[in-house]
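First up is the structure itself, then whatever we jot down about it.
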Amino acid sequence: MISILFVLLLLYASVPPITLFFCLKWIYKDNWHYGWHLFYFFKWLFTISFLPLLMIENIELGLVPQHWYSVAALVVKFIFAVLGLRPAVKQRVLYFYLMGVYASFMEEILYRSILFGIVQAIWHNQWITIGVTSFLFGTWHLKNYYWSGKKGIIIQFFYTFLAYGPIFAWLRIFSGDIYLAVLFHYITDATVALAPNWTRGWLVFGGRGGKYMDNHIKG
């Protein structure tokens, strides 16, 4: 069983970021706008890839809300996501905003559900689980090389590894599920998306600023 868990850890830690790295390369370097279709197709596959893991009893995915406030967090996230649509349309960043809405689910399922559950099943140690999943969450953002450049991904790696990764992992441990982390992840991404355009590049440390406008995304 341990060998199977290590294989799963390797696959989930490497395949998603490498796959999306090439999708972003096709989009931003090769100017192939259909790369967005592949980008979200693979994100969808990674999101539902937890389904086979349900058959492994040792992996606790944290997908079932454990408390009333977990359900409340999910409801609040949905309400906020809907309320954010109007300012996103007004600022012409709807596509970028929706990316954040979806990413808060997809990345939490991948890192605070799947990888968190696998690492915890291997070592049975919360500190190791926090450290490993936070480090992998940092490496996940290295896929953004063609989006934010070399300097940008280095900074993204360190603040997601040392700050956001541990915070989201602690929320996962505190609540026993992923939904507080989903809410705070959404708030982080929505803040970036809806920020005034002149600050957006600073917030994402090297992001493309005005190129997130919807008219650019649509090509």
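The values are calculated or read from the model by the stated rules, or taken from the named source; none is laboratory data. What you see is a predicted model; the values in this text were computed from it and never measured. We place every Cβ from the backbone using ideal geometry, glycine too, and count neighbours over all the protein chains shown.
Please go through region 86-101 and give me each residue that is in contact (Cβ under 8 Å) with a residue 60 or more places away in the chain and within 23 Å of L63 (Cβ to Cβ), ordered by number. Write out each step before concluding.
So in region 86-101, the residues in contact (Cβ under 8 Å) with a residue 60 or more places away in the chain come out as 87-88, 91-97, 99-101.
Result: M99, G100, V101.
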Is region 127-135 home to any residue that is under 22 Å from M99 (Cα atoms), part of a helix (DSSP H, G or I) and either in contact (Cβ under 8 Å) with a residue 40 or more places away in the chain or hydrophobic (A, V, I, L, M, F, W, C) (or both)?
no
Check region 166-187 and report whether any residue there is crowded, with 18+ Cβ neighbours inside 10 Å, within 19 Å of F21 (Cβ to Cβ) and touching a residue at least 40 places away in the same chain (Cβ under 8 Å).
no
Please determine whether any residue of region 92-110 is surrounded by fewer than 16 Cβ atoms within 10 Å (Cβ to Cβ), farther than 22 Å from G165 by Cα and among the basic types (K, R).
no
Go through (1) over 19 Å from the mean Cα position of the chain (by Cα); (2) more than 16 Å from I178 (Cβ to Cβ) and name the single condition Q66 misses.
(2)
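If you check T133 against the conditions, is it within 26 Å of Y40 (Cβ to Cβ), among the β-branched types (V, I, T) and surrounded by fewer than 21 Cβ atoms within 10 Å (Cβ to Cβ)?
On the way: within 26 Å of Y40 (Cβ to Cβ): yes; among the β-branched types (V, I, T): yes; surrounded by fewer than 21 Cβ atoms within 10 Å (Cβ to Cβ): no.
Judged against the criteria, T133 is not a match.
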Report the residue count in region 24-42 for those that are buried (at least 18 other Cβ atoms within 10 Å of the Cβ) and either modelled with pLDDT of 95 or more or farther than 21 Å from Y95 by Cα (or both).
0
Need pairs with beta-carbon distance below 7 Å; first residue within 15 Å of H185 (Cα to Cα) and within region 151-162, second modelled with pLDDT of 90 or more; sequence gap 6+ or separate chains.
Q156/H141; T160/F137; T160/G138; T160/H141; F161/S134; F161/F135; F161/F137; F161/G138
Suppose we filter V64, V75 for residues that are surrounded by fewer than 16 Cβ atoms within 10 Å (Cβ to Cβ) and in a helix (DSSP H, G or I); which single one remains?
V75
